[in-house]
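Contents: one structure, followed by commentary.
The values are calculated or read from the model by the stated rules, or taken from the named source; none is laboratory data. Only a predicted model underlies this, so the values are computations on that prediction, with no experimental measurement involved. A quick note on method: Cβ atoms are made from the backbone with ideal geometry, for glycine too, and the neighbour counts reach across all protein chains shown.
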Amino acid sequence: MIKKKKFDKKLFKKQLESNCRMLFRRNLDEATPQQVYQAVAYSVKDDIIDNWIDTHKAYEKQDAKMVYYMSMEFLMGRALGNNMINLVCYDEIRECLDELGFDLNIIEDQEPDAALGNGGLGRLAACFLDSLATLGYPAYGCGIRYRYGMFKQKIVNGAQKEVPDDWLKNGNPFEIKRDEYAVEVKFGGYVDVEMHDGKAKYIQKNYQSVRAVPYDMPIVGYGNGIVNTLRIWDAEAVNNFNLDSFDKGEYQKAVEQENLARTIVEVLYPNDNHMAGKELRLKQQYFFISASVQRAVQKYKLLHGGDVRKLHEKVAFQLNDTHPTVAVAELMRILVDEEGLEWNEAWDITTKTCAYTNHTIMSEALEKWPNELFSRLLPRVYQIVEEINRRFILEIQKNYPNDQSKVASMAILYDGQVRMAHLAITGSYSVNGVARLHTDILMKRELKDFYQMQPKKFNNKTNGITQRRFLLHGNPLLANWVTSKIGDEWITKLDHLKHLNVYVDDEKCQSEFMNIKYQNKVRLAKYIKEHNDIDVDPRSLFDCQVKRLHEYKRQLMNILHVMYLYNEIKEHPDMDIVPRTFIFGAKAAAGYHTAKLTIKLINAVADRINNDPFINGKLKVVFIEDYRVSNAELIFAAADLSEQISTASREASGTGNMKFMLNGAPTIGTMDGANVEIVEEVGQENAFIFGLSAEEVMEYERNHNYYPRDVYNTDENVRKVLTQLVNGYYSPEDPEKFRALYNALLEQDTYFILKDFDSYKEAQKRVDEAYRDEKAWARMAMLQTANCGKFSSDRTIEEYVNDIWKLDRIVL
Ligand code: 26Q
């Protein structure tokens with residue numbers, strides 16, 4: 001049931017006026033747009049706070065089981081619009097602002113994105129929180145309050161420049177500091193053993209510590225009065241150090257602890273699908289995990305008479321990849337060292353509490369920490385990992401008495417390193433992949449030995465996205481149109497979109513649908529004009545690839561194909577081709593040279609093509625600066641074509657693919673990740689599939705029998721575009737500029753770009769042909785929206801709840 005409090009416009013305007021005066025000593029009509037934003041945000045917070053308190057009272061009263069979603073990343077984006085949407089008062093507040101002479105779009109644009117994440121994994125966490133609150137499940141998100149989030153990207157002379165993301169500079173209206181729940185987190189030192197009543201007690205000594213202080217952000221459920229919490233931890237120095245202190249040792253320590261507190265939460269590591277083996281990263285991981293686990297145990301004890309032995313009945317920890325995996329050992333430490341439980345009992349509780357989600361098979365993303373570093377930073381936790389490992393090896397040997405190779409392949413401590421995935425699997429009662437193909441690959445290959453030993457642990461949870469942000473908020477025209485056709489139940493039950501299927505052959509509906517797409521293209525064209533100063537024609541086909549820049553995602557293949565098209569048009573000036581705008585958006589990790597060079601190439605190609613009068617508007621290339629959640633909403637809404645072209649087997653799931661589909665853009669893509677399931681829902685004939693299958697890719701890799709030079713030698717188109725990488729065609733000032741890309745393609749082509757090129761080219765040709773038939777295209781576009789019900793994160797969360805967490809819905 002949608003709960004909609006009667007919205008009192010007069011009251012809201014009064015609140016707004018009063019908040020503005022209180023915050024800025026100004027009347028609304030004198031306030032800057034940023035000040036108006038703040039005043040609106042505080043007024044919306046006023047409308048959230050009672051429900052927030054009541055929700056948590058209800059959880060306690062009903063003694064509800066709680067999931068703690070542990071994640072180094074929460075890519076929340078902007079809060080204001082989303083909160084207004086979920087409070088079901090978006091239109092009313094927009095009208096209020098209209099009447100006061102303010103444009104809500106401009107007000108929303110004042111808010112910085114909360115970019116506490118890199119890409120897919122962080123955004124998934126944000127979508128999950130939205131669904132958990134909307135479905136009424138008790139949940140906390142636990143993370144880090146980074147002082148600087150994902151860097152802002154500037155494009156300077158075609159190259160990426162990273163600028164710090166000072167997202168808190170104007171304060172964060174929605175957060176609340178909860179100083180009363182601060183806890184201490186200890187690093188370093190050594191472990192002493194003391195005997196107490198014949199029992200060994202392990203005590204960490206001479207450590208450094210920081211004070212972890214939680215900040216809470218409300219997570220508003222859609223129209224149900226429920227408000228969950230995202231709890232992100234800040235670090236403060238433990239002791240305010242005393243400048244008068246004459247004790248040199250104490251003084252030194254105080255300074256060090258201040259530095260530790262400052263550096264630990266300073267910045268998000270901007271690596272996506274790549275492990276940065278930095279000491280500070282491990283500190284960050286332990287910092288937020290120790291704080292979150294300590295607090296969860298404290299809270300449980302308070303509500304359950306101080307006894308922790310049934311913790312798993314009321315608490316689940318979901319580990320978002322291996323990044324929070326130290327939770328397994330930290331919970332053991334608390335149960336054994338602090339609560340005095342026996343090892344076996346503690347292990348039983350731990351392995352009934354923790355569950356692990358794997359998000360990648362990319363080997364460079366696998367987390368491994370040198371024992372030396374791990375044990376120096378976390379001496380007691382390391383001892384516990386050693387004991388977990390010792391017992392696990394015994395178990396492996398029991399299962400495979402005559403096979404030492406199993407110990408080598410499965411041990412947690414191996415080759416001087418801590419293998420975090422192995423710790424996560426061993427310490428969890430559930431291990432899941434994020435799309436069917438991905439989970440199959442985990443079970444058959446990557447984690448085969450673990451799967452054979454404990455098959456019941458393994459399960460699939462295909463990812464999803466929240467339609468509240470990516471349709472209702474991001475594409476209001478389409479959202480209203482859908483509601484006018486089938487009612488608004490889709491907002492909380494995305495399956496209902498299937499009722500649109502009866503309209504796909506209706507010509508009037510088709511033209512309404514495409515007219516909305518056109519208006520969204522006009523909106524994006526305006527954004528591109530303002531931000532890139534490029535004119536794009538909203539009547540051209542908007543072909544979009546927006547995602548993190550990574551070789552396996554193959555943005556390079558996309559731009560090579562654009563180069564090929566350009567050659568074709570040059571050679572055949574009257575060639576009949578559907579005018580296209582190729583839109584890219586991508587951040588590269590700061591130290592990832594190949595990725596950064598690819599950005600340069602895209603911009604160089606854009607420069608040349610966009611300024612070639614000969615092309616006459618047939619091709620445009622746009623690189624959208626600083627791709628992030630807020631401009632993503634504009635791009636998905638405006639897209640005609642969704643590029644999901646990763647090397648098969650490499651993209652665990654993808655979620656951008658689902659956002660495009662929801663907004664009516666067909667996919668050009670490989671049979672990878674969740675694309676497989678998208679095609680299953682929408683039908684082969686309504687997608688443009690090409691390239692090697694995952695099996696074929698893995699077969700080549702096993703046999704080492706793919707030779708990119710063979711493709712180069714036989715495919716004239718490939719030869720021509722590759723040559724243009726090194727003859728200065730796109731870099732006359734420095735012909736060698738793209739040499740590294742050329743070499744990588746010819747010598748390894750790790751991601752099968754040349755191998756798949758021709759098949760990609762043919763798929764693009766099919767797109768060109770299909771787009772010419774307006775009605776058929778409209779039908780295909782509508783089919784995307786109508787058949788994407790499965791890809792709601794509401795469905796995903798229901799599966800996590802039923803199969804893994806076993807939560808009860810809360811009744812308010
Ligand atoms: C690890 C160690 C040290 C520093 C950084 C990291 C690190 C950080 C982020 C490793 C990986 C990530 C991010 C991974 C990620 O976003 N994976 C994506 O997860 C999505 C949600 O499941 C999937 O849809 C994508 O397919 C997957 O690539």
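If you go through region 345-377, how many residues are within 16 Å of the ligand (Cβ to nearest atom), within 16 Å of Pro324 (Cα to Cα) and not in a helix (DSSP H, G or I)? Show your work before the answer.
Filtering region 345-377 down to residues within 16 Å of the ligand (Cβ to nearest atom) leaves 355-370, 373-374, 377.
Cutting the leftovers down to within 16 Å of Pro324 (Cα to Cα) gives us 355-360, 365-369, 374, 377.
Subsequent filtering for residues that are not in a helix (DSSP H, G or I) retains 355-360, 366-369.
Selection size over region 345-377: 10.
Determine if region 80-100 includes at least one residue that is in contact with a Gly (Cβ under 8 Å, 6 or more places away or on another chain) and basic (Lys, Arg).
no
Residue check, Gln153 against (1) more than 29 Å from Glu799 (Cβ to Cβ); (2) in contact with a Leu (Cβ under 6 Å, 6 or more places away or on another chain); (3) not in a loop (DSSP other than H, G, I, E, B), all met but one. Which one?
(2)
For region 527-536, indicate whether the set of residues that are basic (Lys, Arg) and under 24 Å from Ala781 (Cα atoms) is non-empty. Working first, answer last.
Taking region 527-536 first, the residues basic (Lys, Arg) are 529.
From what is left, the residues that are under 24 Å from Ala781 (Cα atoms) are none.
Within region 527-536 (the criterion being basic (Lys, Arg) and under 24 Å from Ala781 (Cα atoms)), the answer is no, since none of the residues qualifies.
Taking only region 653-676 into account, find how many residues are within 12 Å of the ligand (Cβ to nearest atom) and either part of a helix (DSSP H, G or I) or on the phi > 0 side of the Ramachandran plot (or both). Walk me through how you get there before you give the answer.
Taking region 653-676 as the starting set, the residues that turn out to be within 12 Å of the ligand (Cβ to nearest atom) are 653-659, 672-675.
With either part of a helix (DSSP H, G or I) or on the phi > 0 side of the Ramachandran plot (or both) added as a condition, the list becomes 654, 656-659, 673, 675.
Qualifying residue count for the region: 7.
Got a number for residues in region 278-296 being more than 12 Å from His323 (Cα to Cα) and touching a strand residue (DSSP E or B) at 6+ places or on another chain (Cβ under 8 Å)?
Taking region 278-296 and keeping what is more than 12 Å from His323 (Cα to Cα), we get 278-280, 290-296.
Keeping just the survivors that are touching a strand residue (DSSP E or B) at 6+ places or on another chain (Cβ under 8 Å) gives 290-296.
Total satisfying the criteria: 7.
Just checking, which of Gln555, Gln545 is closer than 27 Å to Ala781 by Cα, modelled with pLDDT of 95 or more and touching a Gly at 6+ places or on another chain (Cβ under 9 Å)? Explain how you work it out, then say what you get.
On the way: Gln555 fails: touching a Gly at 6+ places or on another chain (Cβ under 9 Å).
One residue alone meets the criteria, Gln545.
Working only within region 2-18, note down all residues that are of a type outside the set (D, E, K, R) and either at pLDDT below 95 or in contact with a helix residue (DSSP H, G or I) (Cβ under 8 Å, 6 or more places away or on another chain) (or both).
Initially, region 2-18 is screened for residues of a type outside the set (D, E, K, R), giving 2, 7, 11-12, 15-16, 18.
Those that are of a type outside the set (D, E, K, R) and either at pLDDT below 95 or in contact with a helix residue (DSSP H, G or I) (Cβ under 8 Å, 6 or more places away or on another chain) (or both): Ile2, Phe7, Phe12, Gln15, Leu16.
Within region 252-277, which residues are exposed (fewer than 14 other Cβ atoms within 10 Å of the Cβ), within 15 Å of the ligand (Cβ to nearest atom) and of a type in the set (A, V, I, L, M)?
Within region 252-277, Ala276 is the sole residue that qualifies.
Can you tell me how many residues in region 181-216 are among the aromatic types (Phe, Trp, Tyr) and outside any strand (DSSP E or B)?
First, pick out the residues of region 181-216 that are among the aromatic types (Phe, Trp, Tyr): 181, 187, 190, 202, 207, 215.
Going one step further and asking which of them are outside any strand (DSSP E or B), we end up with 181, 207.
Here the count works out to 2.
What about Val629, is it within 30 Å of Met443 (Cβ to Cβ), within 16 Å of the ligand (Cβ to nearest atom), surrounded by fewer than 24 Cβ atoms within 10 Å (Cβ to Cβ) and not hydroxyl-bearing (Ser, Thr, Tyr)? Give the steps one after another, and end with the answer.
Working: within 30 Å of Met443 (Cβ to Cβ): no; within 16 Å of the ligand (Cβ to nearest atom): yes; surrounded by fewer than 24 Cβ atoms within 10 Å (Cβ to Cβ): yes; not hydroxyl-bearing (Ser, Thr, Tyr): yes.
Criteria not met by Val629.
Would you mind finding the one in Asp749, Asp756 that is touching a residue at least 24 places away in the same chain (Cβ under 8 Å) and not in a helix (DSSP H, G or I)?
Numbers: Asp756 fails: not in a helix (DSSP H, G or I).
Going through Asp749, Asp756 in turn, the sole match is Asp749.
Residues are listed down the side, and each one gets a yes or a no for (1) within 24 Å of Ala606 (Cβ to Cβ); (2) surrounded by 13 or more Cβ atoms within 10 Å (Cβ to Cβ):
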site: Leu725; (1), (2): yes, yes
site: Tyr730; (1), (2): yes, yes
site: Glu736; (1), (2): yes, no
site: Tyr742; (1), (2): yes, yes
site: Phe752; (1), (2): no, yes
site: Asp756; (1), (2): yes, yes
site: Val767; (1), (2): yes, yes
site: Asp794; (1), (2): no, yes
site: Asp808; (1), (2): no, yes
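Considering region 632-652 alone, what residues qualify as being in contact with a strand residue (DSSP E or B) (Cβ under 9 Å, 6 or more places away or on another chain) and either away from the ligand (no atom under 16 Å from the Cβ) or assigned to a loop (DSSP other than H, G, I, E, B) (or both)?
Initially, region 632-652 is screened for residues in contact with a strand residue (DSSP E or B) (Cβ under 9 Å, 6 or more places away or on another chain), giving 632-633, 635-636, 638-646, 651-652.
Hits for region 632-652 are Glu633, Ile635, Ala638, Ala639, Asp640, Leu641, Ile645, Ser646, Glu651, Ala652.
Hey, does region 384-401 have a residue that's in a helix (DSSP H, G or I), away from the ligand (no atom under 16 Å from the Cβ), in contact with a helix residue (DSSP H, G or I) (Cβ under 6 Å, 6 or more places away or on another chain) and within 17 Å of Ile289 (Cα to Cα)?
Taking region 384-401 and keeping what is in a helix (DSSP H, G or I), we get 384-399.
Now restrict to residues that are away from the ligand (no atom under 16 Å from the Cβ): 384-399.
Still in the list and also in contact with a helix residue (DSSP H, G or I) (Cβ under 6 Å, 6 or more places away or on another chain): 384-385, 392-393, 396, 399.
From what's left, within 17 Å of Ile289 (Cα to Cα): 384-385.
Yes, because at least one residue in region 384-401 is in a helix (DSSP H, G or I), away from the ligand (no atom under 16 Å from the Cβ), in contact with a helix residue (DSSP H, G or I) (Cβ under 6 Å, 6 or more places away or on another chain) and within 17 Å of Ile289 (Cα to Cα).
Determine which member of the set Leu565, Leu556 is more than 24 Å from the chain's Cα centre (by Cα) and either small (Gly, Ala, Ser) or closer than 21 Å to Ala586 by Cβ (or both). Talk me through it step by step, then tell me what you get.
Details: Leu556 fails: more than 24 Å from the chain's Cα centre (by Cα).
Only one candidate qualifies: Leu565.
Restrict the check to region 447-462 and report whether at least one residue is surrounded by 21 or more Cβ atoms within 10 Å (Cβ to Cβ), assigned to a helix (DSSP H, G or I), within 16 Å of the ligand (Cβ to nearest atom) and touching a residue at least 12 places away in the same chain (Cβ under 8 Å).
Checked region 447-462: no residue is surrounded by 21 or more Cβ atoms within 10 Å (Cβ to Cβ), assigned to a helix (DSSP H, G or I), within 16 Å of the ligand (Cβ to nearest atom) and touching a residue at least 12 places away in the same chain (Cβ under 8 Å).
Looking at Val308, Val267, Val297, which is the one that is under 24 Å from Glu162 (Cα atoms), of a type outside the set (S, T, N, Q) and touching a residue at least 24 places away in the same chain (Cβ under 8 Å)?
Values: Val308 fails: under 24 Å from Glu162 (Cα atoms); Val297 fails: under 24 Å from Glu162 (Cα atoms).
That would be Val267, the only listed residue that is under 24 Å from Glu162 (Cα atoms), of a type outside the set (S, T, N, Q) and touching a residue at least 24 places away in the same chain (Cβ under 8 Å).
Looking only at region 285-338, filter to residues that are away from the ligand (no atom under 16 Å from the Cβ) and part of a loop (DSSP other than H, G, I, E, B); which one of those is surrounded by the fewest Cβ atoms within 10 Å (Cβ to Cβ)? Don't jump to the end; show me each part of the working.
Residues of region 285-338 that are away from the ligand (no atom under 16 Å from the Cβ), as a first pass: 290-317, 328-338.
Now narrow it down to the ones that are part of a loop (DSSP other than H, G, I, E, B): 304-310.
Values: His304: 15, Gly305: 6, Gly306: 9, Asp307: 10, Val308: 21, Arg309: 14, Lys310: 12.
The qualifying residue surrounded by the fewest Cβ atoms within 10 Å (Cβ to Cβ) is Gly305.
Considering every residue within region 552-572, establish whether at least one is outside any helix (DSSP H, G or I) and either surrounded by 15 or more Cβ atoms within 10 Å (Cβ to Cβ) or β-branched (Val, Ile, Thr) (or both). Steps first, answer last, please.
Filtering region 552-572 down to residues outside any helix (DSSP H, G or I) leaves 554, 572.
Add one more test, that the residue is either surrounded by 15 or more Cβ atoms within 10 Å (Cβ to Cβ) or β-branched (Val, Ile, Thr) (or both), and what stays is 554.
Yes, that holds for at least one residue.
Scan region 96-124 for residues that are small (Gly, Ala, Ser) and within 16 Å of the ligand (Cβ to nearest atom) and jot them down.
Going through region 96-124, the residues small (Gly, Ala, Ser) turn out to be 101, 114-115, 117, 119-120, 122.
Matches in region 96-124: Ala115, Gly117, Gly119, Gly120, Gly122.
Take region 273-284 and flag every residue that is out of contact with any Phe, Trp or Tyr (no Cβ under 7 Å at 6 or more places or on another chain) and assigned to a helix (DSSP H, G or I).
Glu279, Leu280, Gln284
So which of Gly198, Gly158, Gly223, Gly189 ends up being of a type outside the set (A, V, I, L, M, F, W, C) and closer than 30 Å to Asn51 by Cα? Even if it seems obvious, please write down each step before you answer.
Numbers: Gly198 fails: closer than 30 Å to Asn51 by Cα; Gly158 fails: closer than 30 Å to Asn51 by Cα; Gly189 fails: closer than 30 Å to Asn51 by Cα.
Answer to the selection: Gly223.
Give Met84, Met66 a once-over and let me know the one that is in contact (Cβ under 8 Å) with a residue 40 or more places away in the chain and more than 18 Å from Asn172 (Cα to Cα).
Details: Met84 fails: more than 18 Å from Asn172 (Cα to Cα).
The match here is Met66.
So which of Tyr706, Tyr712 is of a type in the set (Phe, Trp, Tyr) and either on the phi > 0 side of the Ramachandran plot or surrounded by 19 or more Cβ atoms within 10 Å (Cβ to Cβ) (or both)?
Working: Tyr712 fails: either on the phi > 0 side of the Ramachandran plot or surrounded by 19 or more Cβ atoms within 10 Å (Cβ to Cβ) (or both).
Exactly one residue qualifies, and that residue is Tyr706.
Tell me which residues, restricted to region 719-746, are farther than 17 Å from Ala159 by Cα and under 34 Å from the mean Cα position of the chain (by Cα).
Val721, Leu722, Tyr742, Asn743, Ala744, Leu745, Leu746
Quick one: what pairs do we get from region 341-366, first residue surrounded by fewer than 15 Cβ atoms within 10 Å (Cβ to Cβ), second in a helix (DSSP H, G or I) and not hydrophobic (A, V, I, L, M, F, W, C), C-beta under 9 Å, 6+ apart or different chains?
Between residues of region 341-366 that are surrounded by fewer than 15 Cβ atoms within 10 Å (Cβ to Cβ) and residues that are in a helix (DSSP H, G or I) and not hydrophobic (A, V, I, L, M, F, W, C), the close pairs are Trp343/Glu387; Trp343/Arg391.
Which of the residues belonging to region 727-746 are among the charged types (D, E, K, R) and outside any loop (DSSP other than H, G, I, E, B)? Show your work before the answer.
Quick first cut of region 727-746, residues among the charged types (D, E, K, R) only: 733-734, 736-737, 739.
If the condition is that a residue be among the charged types (D, E, K, R) and outside any loop (DSSP other than H, G, I, E, B), then Arg739 is the only one that fits.
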